[in-house]
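To keep things clear, I will list the structure first and then write my remarks on it.
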Amino acid sequence: MNGKSKPLDIPKDLPNVIVTGEAMDKELTATVPSALAGSATGMGYTNDCVTLLTMAQYIRNLGYRAYATMNDSALAVPLAVQAGLGEVGRHSLLITPEYGARLRLGKIFTDMPLVHDAPKSFGVKKFCDICNRCARDCPPKAISFAAPSEKTFNRSNLKGVVKWSTDAEKCFKFWTNQNTDCSICIRVCPYNRDYSKWINRAWQKLARGRFRKFALWLDDKFTPRGRTKSGSWWQKK
Ligand code: SF4
Ligand code: SF4
């Protein structure tokens, strides 16, 4: 831990990146922060691993170069935004129309010719402007209540980019103090819903437009966002 990184051994002449996302189990995520909820994160990355290695091998079998990576090599969230998977929320995580922020990202660097996607907006920035629930509920207050800016908190933040940045060092200190990861900001986010249900797809439509305040009120009033005890999860199984 000398603060220095090793040089990347990924070639610099790979022009394309494929970004993947694996959903975390919603019921497990409802128990954050808990050791049990850590398994939702672990399974997300495990599924990521299978998808990435399988896709990378397929691309190599086609005769191209492909390097599968997870939380290393490059920042996943900006690449996911460029790939049109979703938008960045106040908690600085990717929010997708399909799973909210409840997913784990992976990426494949390749020279396989691909048509590039473009960033897509579905109203997250304007919704986060009126919602600060993740900032309010973050125990170590690592999430900003302020508007996006270039402000950095420490060396873990990107410099020179106007965005919502979190104090990742405060966040990680909280994780280490409680001996497990946290993700409260994912649990309490109004976008954390089961979008296989029409009512949640309808909620997202409301949240996209000028009725976003009403959508936030609906979430406050009718969607339980408190922590489910780990014991209740086991009892359901
Ligand atoms: S994971 Fe927990 S501590 Fe970290 S930013 Fe989210 S709510 Fe805060
Ligand atoms: S909790 Fe609210 S402010 Fe935070 S990311 Fe989700 S929608 Fe945005």
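The values are calculated or read from the model by the stated rules, or taken from the named source; none is laboratory data. As the structure is a computational prediction, the values presented were derived from the model and not from experiment. As a convention, Cβ positions derive from the backbone with ideal geometry for all residues, glycine included, and neighbour counts pool all protein chains shown. What goes into the accessible areas is simple: the full protein's heavy atoms, side chains included, and nothing from ligands, DNA or RNA. Shrake-Rupley method; radii C 1.70, N 1.55, O 1.52, S 1.80 Å.
Checked against (1) over 16 Å from Tyr191 (Cα atoms); (2) surrounded by 19 or more Cβ atoms within 10 Å (Cβ to Cβ); (3) of a type in the set (D, E, K, R), Asp111 passes all but a single condition, namely (2). For region 161-220: of the residues being in contact with a Phe, Trp or Tyr (Cβ under 6 Å, 6 or more places away or on another chain) and within 16 Å of ligand 1 (Cβ to nearest atom), which is farthest from Ala142 (Cα to Cα)? Filtering region 161-220 for residues that are in contact with a Phe, Trp or Tyr (Cβ under 6 Å, 6 or more places away or on another chain) and within 16 Å of ligand 1 (Cβ to nearest atom), the one farthest from Ala142 (Cα to Cα) comes out as Asp181. On inspection, Asn154 qualifies as open to solvent by less than 70 Å² (accessible area, probe 1.4 Å), more than 16 Å from ligand 2 (Cβ to nearest atom) and assigned to a loop (DSSP other than H, G, I, E, B). Listed by first and then second residue, the pairs linking a residue in region 133-151 that is open to solvent by 60 Å² or more (accessible area, probe 1.4 Å) to a residue that is assigned to a loop (DSSP other than H, G, I, E, B), with Cβ atoms under 6 Å apart and 6 or more places separating them unless they lie on different chains, are Phe145/Asn132; Glu150/Val162. Please enumerate the residues belonging to region 217-237 that are under 17 Å from Asp194 (Cβ atoms), touching a residue at least 12 places away in the same chain (Cβ under 8 Å) and not polar (S, T, N, Q). Listed by number, the residues that qualify are Leu218, Asp219, Arg225, Trp233, Lys236. Do we find that Leu105 is at pLDDT 95 or above, part of a strand (DSSP E or B) and over 27 Å from Phe214 (Cα atoms) in this structure? Here the answer is yes, as Leu105 does meet what is asked. Of Lys170, Lys163, all but one fail to be surrounded by 14 or more Cβ atoms within 10 Å (Cβ to Cβ), closer than 24 Å to Gln204 by Cα and charged (D, E, K, R); the exception is Lys163.
One residue stands out in region 81-108 among those that are of a type in the set (Val, Ile, Thr) and more than 21 Å from Pro15 (Cα to Cα): the one that is surrounded by the most Cβ atoms within 10 Å (Cβ to Cβ), namely Ile95. At least 3 residues being more than 16 Å from ligand 2 (Cβ to nearest atom) and under 22 Å from Glu87 (Cα atoms) is the threshold, and among the helices (runs of 4 or more DSSP H) wholly inside region 164-231 those reaching it are 198-208.
Listed by first and then second residue, the pairs with beta-carbon distance under 7 Å, at least 6 apart or on different chains, first residue in region 1-25 and outside any strand (DSSP E or B), second modelled with pLDDT under 95 and surrounded by fewer than 17 Cβ atoms within 10 Å (Cβ to Cβ), are Leu8/Ser73; Ile10/Ser73; Asp25/Met43.
Considering only residues in region 129-160 that are within 16 Å of ligand 1 (Cβ to nearest atom) and β-branched (Val, Ile, Thr), the one that is modelled with the lowest pLDDT turns out to be Thr152.
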